[in-house]
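**Q** Following this message is one structure expressed as structure tokens.
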Amino acid sequence: MNDLFEIDIRSREALRALAEERGKRMEIERLAAARFLGDREEFSFEGHCLVCERTTLLKVDWMYAERPTPNWRERLVCDGCELNNRQRYAMHLLIRESGGRGGAGKVYLQEQITPFYESTSRILGAQRVVGSEYLGADRSPGEIVDGLRHEDAEHLSFPDASFQAISSNDVLEHVNEHGAALAQMCRVLVPGGTAIVTIPFSEGRDVTQRRARIEADGSLTHLLPPEYHGNPLDEGGSLVFSDFGWDVLDCARKAGFSQAFVRGYWSFRYGHMGGGLQMLFILRR
């Protein structure tokens, strides 16, 4: 049985209209947490992974969370592809938007040393996939360092219309000028191409909040107490520059995208739970 619920949301008001049904799904999540976790430190339950295309085990624990509610967005990790909740759905969309498993569309991932990159290369074929990491301000866009490609999200090295699809997984909040990064994504997509973007997003915030900025002289100014997220290349983590609100949709349109909307999704069977509705961004050139 396919219980995958998907809906495209273009405004805060449209999301508010879903409050009642979200509440019902949140109750399912509450009961699931009590049943599967309870006093345990971790638990794995059977679910169907859309990436692996099979029934698998999805791991839930208390990482990034405080009891009694697990961080569903960052957990529900598949024991096959090792991708978590949001990554598995983003991958599902990426496969679809790039022409499918047997298609020819090239894709760009704003990551390279992750299970997401490994799974994409395996499923779509390494010849269709380009990944990169940010290796520091002293590197040139497109430079290869020990097998890793360096790219600055604000100054991509790729020619115009290079990719059918782009995946950006929790990257934009770490970019000084996310508007410039969105414009670069739009530039390197083919007409009709799609960017699939996950970001920490406050659904109750209309206007994106700046936490930090890099000044014209290269100095760093903190506007709010520094916040860092995990970075596989830096034990100190990556600084958060922006807390995103609904105006990121307008920012994407100003960057050149013809469509920009939130994709809401939820499924118990496929392990896409959290808040009664998980969300990512779809941007079409």
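The values are calculated or read from the model by the stated rules, or taken from the named source; none is laboratory data. Given the structure is predicted, the values throughout are model-derived calculations rather than measurements. Neighbour counts run over all protein chains shown; Cβ positions are idealised from the backbone, glycine included.
**Q** Within segment 135-165, count every residue that is in contact (Cβ under 8 Å) with a residue 60 or more places away in the chain and either in a helix (DSSP H, G or I) or touching a helix residue (DSSP H, G or I) at 6+ places or on another chain (Cβ under 9 Å) (or both).
**A** 2
**Q** Also, I was wondering about something else. So how many residues does segment 49-96 have that are part of a loop (DSSP other than H, G, I, E, B) and among the aliphatic types (A, V, I, L, M)?
**A** 6
**Q** Still on this structure, please answer the following. Can you tell me which residue among Gly105, Gly99 is in a loop (DSSP other than H, G, I, E, B), under 20 Å from Gln164 (Cβ atoms) and touching a Phe, Trp or Tyr at 6+ places or on another chain (Cβ under 9 Å)?
**A** Step by step, each of Gly105, Gly99 is checked, and only Gly105 is in a loop (DSSP other than H, G, I, E, B), under 20 Å from Gln164 (Cβ atoms) and touching a Phe, Trp or Tyr at 6+ places or on another chain (Cβ under 9 Å).
**Q** Please specify each residue of segment 108-134 satisfying the condition of being under 18 Å from the mean Cα position of the chain (by Cα) and part of a loop (DSSP other than H, G, I, E, B).
**A** Gln110, Glu111, Gln112, Ile113, Thr114, Ser132, Tyr134
**Q** Phe257 versus (1) free of Cβ contacts under 8 Å to residues at least 12 places away in the same chain; (2) in contact with a helix residue (DSSP H, G or I) (Cβ under 6 Å, 6 or more places away or on another chain): which is the lone unmet condition?
**A** Checking Phe257 against (1) free of Cβ contacts under 8 Å to residues at least 12 places away in the same chain; (2) in contact with a helix residue (DSSP H, G or I) (Cβ under 6 Å, 6 or more places away or on another chain), the one that fails is (1).
**Q** Against the condition aromatic (Phe, Trp, Tyr), under 25 Å from Arg12 (Cβ atoms) and in contact with a strand residue (DSSP E or B) (Cβ under 8 Å, 6 or more places away or on another chain), how does Tyr270 come out, does it pass? First the steps, then the outcome.
**A** Details: aromatic (Phe, Trp, Tyr): yes; under 25 Å from Arg12 (Cβ atoms): no; in contact with a strand residue (DSSP E or B) (Cβ under 8 Å, 6 or more places away or on another chain): yes.
Here the answer is no, as Tyr270 does not meet what is asked.
**Q** Within segment 88-147, which residues are acidic (Asp, Glu) and within 17 Å of Gln184 (Cβ to Cβ)?
**A** Listed by number, the residues that qualify are Glu111, Glu133, Glu143.
**Q** Working only within segment 180-222, note down all residues that are within 30 Å of Ala19 (Cβ to Cβ), among the hydroxyl-bearing types (Ser, Thr, Tyr) and loosely packed, with under 15 Cβ neighbours inside 10 Å.
**A** Hit for segment 180-222 is Ser202, nothing else.
**Q** Moving to a separate point now. Would you confirm, using the coordinates I've provided, whether Arg101 is more than 24 Å from Phe201 (Cβ to Cβ) and either buried (at least 21 other Cβ atoms within 10 Å of the Cβ) or at pLDDT 95 or above (or both)?
**A** Considered against the rule, which asks whether it is more than 24 Å from Phe201 (Cβ to Cβ) and either buried (at least 21 other Cβ atoms within 10 Å of the Cβ) or at pLDDT 95 or above (or both), Arg101 comes out as no.
**Q** Give me the residue from segment 58-71 that is farther than 14 Å from Asn85 by Cβ and without any contact (Cβ under 8 Å) to a residue 24 or more places away in the chain and, out of that set, nearest to the chain's Cα centre (by Cα).
**A** Within segment 58-71, the match that is nearest to the chain's Cα centre (by Cα) is Glu66.
**Q** If you go through segment 1-39, how many residues are among the charged types (D, E, K, R), touching a residue at least 60 places away in the same chain (Cβ under 8 Å) and either part of a loop (DSSP other than H, G, I, E, B) or in contact with a helix residue (DSSP H, G or I) (Cβ under 7 Å, 6 or more places away or on another chain) (or both)?
**A** Number of matching residues: 2.
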